[in-house]
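The block underneath contains the structure these notes are about, expressed in structure tokens.
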Amino acid sequence: MKLNLPTQENKLNNLLKLKLTEVKMENKKNILETFENQYPNRDYIISHIAPEFTSVCPKTGQPDFATIYLDYIPEKLCVELKSYKLYLNSFRNDGIFYENVTNKILDDLVETLEPRYMKITAEFNVRGGISSVIEVEHFNDDFYELYED
């Protein structure tokens, strides 16, 4: 009987894959592309709904499904939709908690777009009898002061 033990090469390949996954998570925002806002003097809301978001539960390895709602008031840039779709799809095999992925999406989009306002709502499907909704917001300082009163 021959045992199928991992070779040194397989161990190195697995480490490389792990490192690539770590880099991939850190650089996901590089997937996002933008275009110029043609109406920067007007406050208007852009809403995108992505009903097929998937990621993986880091505890169980089971898939998590959600609808991601993106609402924002652009400053100079808008997100290009195909790149946004590819960005969201890039989480498909990542083990990440609901709260973390929702905040990661907001952080990456805010860093890329620098919007006046942005809100991400992630509605995760029922799992184990519990559904979850995570909401995170960002206000540009100038925009917040303008509407604070």
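The values are calculated or read from the model by the stated rules, or taken from the named source; none is laboratory data. Just so you know, these numbers come straight off a predicted model, no measurement behind them. Cβ atoms come from the backbone with ideal geometry, glycine included; neighbour counts cover every protein chain shown.
Quick notes on this structure:
- K104 meets the stated requirement of being under 18 Å from M25 (Cβ atoms) and not hydrophobic (A, V, I, L, M, F, W, C).
- The number of residues in the range 96-149 being at pLDDT 95 or above, of a type in the set (D, E, K, R) and under 20 Å from D43 (Cβ atoms) comes to 4.
- Pairs with Cβ under 7 Å, 6+ apart, first in the range 86-114 and basic (K, R), second surrounded by fewer than 21 Cβ atoms within 10 Å (Cβ to Cβ): R92/T54
- Pairing each residue of the range 44-67 that is in contact (Cβ under 8 Å) with a residue 24 or more places away in the chain and on the phi > 0 side of the Ramachandran plot with any residue that is small (G, A, S) and assigned to a strand (DSSP E or B), provided the two are 6+ apart or on different chains, yields C-beta distances under 8 Å for G61/G95.
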